[in-house]
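The values are calculated or read from the model by the stated rules, or taken from the named source; none is laboratory data. Here the structure is a predicted model, which is why all the values come from computation and not from measurement. For neighbour counting, all protein chains shown are included, and Cβ atoms are generated from backbone atoms with ideal geometry for every residue, glycine included.
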Amino acid sequence: MIRQGHTNGQAPVNRRTPAASGRSPAPAASPSLVTRAVRSGLGADTGHRAVMPPIHLSSNFLFDSPGVYDKYDYTRSGNPTRDLVADAIADLEGGCGAVVTSSGMSAILVVTRLLSAGDLLLAPRDCYGGSHRLFTAEAERGSYRVQFIDPTDPAAVGEARALRPRVIWLETPSNPLLRITDIAAWARLCREIGAICVVDNTFLSPVNQRPLDHGADLVVHSTTKFLNGHSDVVGGAVVAADPDLLEEVAWWTNAAGVAGSPFDAYLTLRGTRTLHARSRIHEENALQVVAALRRHEAVARVYHPSLPEHPGHEIAARQQSGWGSLVSFELRGGREAVDAFVDGPECFALAESLGGVESLVAHPATMTHASMDEQAQAEAGIGMGLLRLSVGIEAAADLVADLERALCRVEAAACQLV
């Protein structure tokens with residue numbers, strides 16, 4: 001992370017003296033988040049003064065004497081490359097620090113280590129399928145209790161106040177229906193009842209939303225997604241507002257052995273440098289994709305926070321700095337329509353994950369949320385005709401043309417069934 005006063009990240013030096021220019025030089029402004037993200041880790045190599053930081057692949061580090069060492073002893077416990085990306089992510093989110101883990105799910109796992117047997121976790125009904133599976137399995141084995149709610153329902157606040165949970169888990173926008181939850185309102189409730197407010201910010205990244213600014217205690221990321229941005233790394237991160245919470249999460253990360261690898265950390269750090277630029281194109285393309293879907297007869301409904309009719313649109317406008325590039329939609333015709341849509345797209349690859357430079361299409365019911373039983377899917381609003389798009393940074397015209405061809409296949413398949 002670039003610190004105030006370091007030569008990296010500062011404006012070029014004006015070599016004219018005050019006497020020569022006739023005035024004193026203006027004080028250097030603090031670099032913006034965009035600049036800090038681009039320059040994260042630059043100049044960290046003190047050995048050879050490389051511009052880009054090296055990858056410290058060593059699993060262990062030298063001791064000065066038995067029990068005496070400098071900052072690092074073993075990479076599971078700490079690694080200079082991993083620390084660079086942790087600092088960068090914490091800076092982007094506005095936290096006091098971050099822990100980098102081996103996957104998004106291991107990031108979720110170490111946060112749940114804050115719970116003890118008997119403690120209650122409240123989580124959204126339509127959270128990510130992997131989160132739902134973990135929470136349910138841990139509750140079944142008695143690690144803690146879990147109850148799934150609709151945090152967008154005003155009545156849920158009173159329910160939560162009565163239940164007195166230890167952790168309230170938010171996912172906004174939610175996966176896959178992009179429901180919007182008021183982070184500030186839930187954070188206030190958490191402070192009132194002594195709960196920990198955790199927000200999964202994977203769908204937006206800190207470019208478009210910073211939950212800690214709205215009162216959240218912890219932010220979770222699958223760094224596999226937007227932060228890395230190239231679909232070649234699996235990783236996770238937990239960012240904390242409070243040093244004590246950070247220390248506890250870091251302890252569990254080390255104890256459980258789920259810290260991220262140095263090489264994955266290096267690639268993720270490289271990805272964060274282009275995060276702002278990528279996010280801008282992602283969203284520009286997504287808005288054109290939304291417009292194309294809305295005007296087609298084969299589409300029954302489009303889910304995207306930019307739409308005025310989208311539930312939570314006004315909250316999103318208040319707490320987000322961008323609409324994001326995940327788009328979900330319902331096809332008329334159910335599973336048969338889905339099969340026709342995914343039969344041969346050129347720009348939208350049928351695959352799980354999201355946030356990469358490439359565009360993807362997923363069928364939540366059979367892919368990302370397949371671990372949820374039929375009742376849980378129904379309660380979450382996940383039907384067989386639902387598709388989720390992760391809109392990439394290809395040419396928008398190509399993406400729209402590919403969608404229109406896919407929707408034509410849907411219409412042709414429907415005509416054959418008549």
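Summary table
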read-out: Residue within the stretch 128-149 that is at pLDDT below 95 and under 15 Å from VAL199 (Cβ atoms) present; value: yes
read-out: Helices (runs of 4 or more DSSP H) within the stretch 203-306 that include 3 or more residues in contact with a helix residue (DSSP H, G or I) (Cβ under 6 Å, 6 or more places away or on another chain), farther than 30 Å from ASP73 by Cα and at pLDDT 95 or above; value: 275-294
read-out: Count of residues meeting criterion [among the polar types (S, T, N, Q), under 27 Å from the mean Cα position of the chain (by Cα) and closer than 15 Å to SER261 by Cα] in the stretch 31-78; value: 2
read-out: Inter-residue pairs, beta-carbon under 6 Å, first in a helix (DSSP H, G or I) and in the stretch 130-144, second not hydrophobic (A, V, I, L, M, F, W, C), 6+ apart; value: ARG133/SER371; ALA139/ARG145
read-out: Checking GLU309 against (1) touching a residue at least 12 places away in the same chain (Cβ under 8 Å); (2) assigned to a loop (DSSP other than H, G, I, E, B); (3) surrounded by fewer than 18 Cβ atoms within 10 Å (Cβ to Cβ), the condition it does not meet; value: (1)
read-out: From the options SER116, SER205, residue that is of a type in the set (S, T, N, Q) and either buried (at least 18 other Cβ atoms within 10 Å of the Cβ) or farther than 25 Å from LEU246 by Cα (or both); value: SER205
read-out: Conditions (1) assigned to a loop (DSSP other than H, G, I, E, B); (2) over 20 Å from LEU354 (Cα atoms); number of the one not met by TRP323; value: (2)
read-out: Looking only at the stretch 368-396, and only at residues there that are free of Cβ contacts under 8 Å to residues at least 60 places away in the same chain and surrounded by fewer than 24 Cβ atoms within 10 Å (Cβ to Cβ), the one that is nearest to the chain's Cα centre (by Cα); value: GLN377
read-out: Where LEU350 falls short, out of the listed (1) touching a Pro at 6+ places or on another chain (Cβ under 9 Å); (2) free of Cβ contacts under 8 Å to residues at least 40 places away in the same chain; value: (1)
read-out: Residue match in the stretch 23-43 (condition: outside the structural domain of SER205 (by TED's automatic domain parsing), at pLDDT below 80 and surrounded by 11 or more Cβ atoms within 10 Å (Cβ to Cβ)); value: yes
read-out: Looking only at the stretch 228-246, and only at residues there that are without any contact (Cβ under 8 Å) to a residue 40 or more places away in the chain and closer than 19 Å to VAL85 by Cβ, the one that is nearest to the chain's Cα centre (by Cα); value: VAL233
read-out: All positions within the stretch 91-113 that are crowded, with 23+ Cβ neighbours inside 10 Å and of a type in the set (A, V, I, L, M); value: LEU92, ALA98, VAL99, VAL100, ALA107, ILE108, VAL110, VAL111
read-out: Any chance PRO154 is surrounded by 19 or more Cβ atoms within 10 Å (Cβ to Cβ) and in the same structural domain as SER205 (by TED's automatic domain parsing); value: no
read-out: All positions within the stretch 321-347 that are in contact with an Asp or Glu (Cβ under 6 Å, 6 or more places away or on another chain) and among the small types (Gly, Ala, Ser); value: GLY322, SER325
read-out: Selected residue (only one of LEU387, LEU350, LEU360 is modelled with pLDDT of 95 or more, among the aliphatic types (A, V, I, L, M) and in contact with a helix residue (DSSP H, G or I) (Cβ under 8 Å, 6 or more places away or on another chain)); value: LEU387
read-out: In the stretch 372-400, residue nearest to PHE135 (Cα to Cα) [restricted to those that are of a type in the set (Val, Ile, Thr) and part of a loop (DSSP other than H, G, I, E, B)]; value: ILE382
read-out: Qualifying residue in the stretch 157-178 (condition: part of a loop (DSSP other than H, G, I, E, B), hydrophobic (A, V, I, L, M, F, W, C), closer than 17 Å to ALA316 by Cα and touching a residue at least 40 places away in the same chain (Cβ under 8 Å)); value: yes
